[in-house]
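What follows is a set of notes on a single structure, which appears directly below.
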Amino acid sequence: MTTVRGTTVRRLTALLTLPLATALALTFAAFSPAAAQQPAAPSAPAAPRPAQPPKPKPAPRPAATAPAPAQPPASMTGGVQPQLLGQFGGWGAYTASPGGRKVCFALAKPSKADTDPPNRPRDPTFLFVSSRPSERVKDEISVIFGYGFKPNADASLEVGGASFAMYTQADGGWIKNAAEEPRLIESLRRAGDAVIKGVSARGTGSTDVYVLKGLAQALDRVAQECR
């Protein structure tokens, strides 16, 4: 894997519903009049069994809906509208060609995003894995945190019991040691979730949890598109 990094923050972006109703049959039964066997006194016919009222039909179930694709910010692809290649769980696979240079990436939003102190406002945050063939970049891991960092601030990505250091610039973060990315990608493919932590320039901490189901399929689709 060859990874090329620039001082400019590259941010990829943004774009990132049977009814089931069962008819119930109604059964009607009636007793026939009993015939008199003795001449003394005929038996009165039995009253017919009243018809049972129809059972109410169950309410239709809502149609199953697929997870909505994460909408990446347009600034991440130079204002070019990304094309959705496929949606895999919470992960979308996209491609775009800003300036004629093809870019492919897998993108997701966190399933849970907390701040410390709680409920501090922040912009949308994303985790994405990108490939840029013209730059010989494959499976580069990046994060948009939704807030700015102090200069030289660090962040971290935790998955599978291991923690990977990230360097930051503006509101983005990248893996510090590019040589660790192949191992990290394999961990992300196998694990259930990843936790990304950082601290904003104002001192607000963030902890974001990303569900990784579907990431492996999204990465495979990205690899098919950007060889």
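Readers should treat all values here as calculations from the given coordinates under stated rules, not as data from a laboratory. Quick caveat: nothing in here was measured; it's all calculated off a predicted structure. Using ideal geometry, Cβ is built from the backbone for each residue, glycine included, and neighbour counts are taken over all protein chains shown.
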37 °C / 0.692 mPa s Stokes-Einstein diffusion coefficient of region 109-199, Kirkwood radius on C-alpha pairs, µm²/s: 237
Hey, what D do you get for region 74-225 in µm²/s if you plug the Kirkwood alpha-carbon radius into Stokes-Einstein at 4 °C and 1.567 mPa s? 83
Kindly state, to the nearest 0.05, the FRET efficiency for residue 177 paired with residue 153, given R0 = 22 Å and r defined as their beta-carbon distance. 0.85
Out of residues 5 or more away from residue 85 or on other chains, whose amide H comes under 5 Å of its own, with H placed 1.01 Å from N in the peptide plane? 93, 94, 95
Given region 74-225, what count of lysine pairs have C-alpha atoms under 22 Å apart, with each pair 8 or more places apart or on different chains? 13
Taking neighbour counts of Cβ atoms within 10 Å as a proxy for exposure, in what order, fewest first, do 131, 156 appear? 156, 131
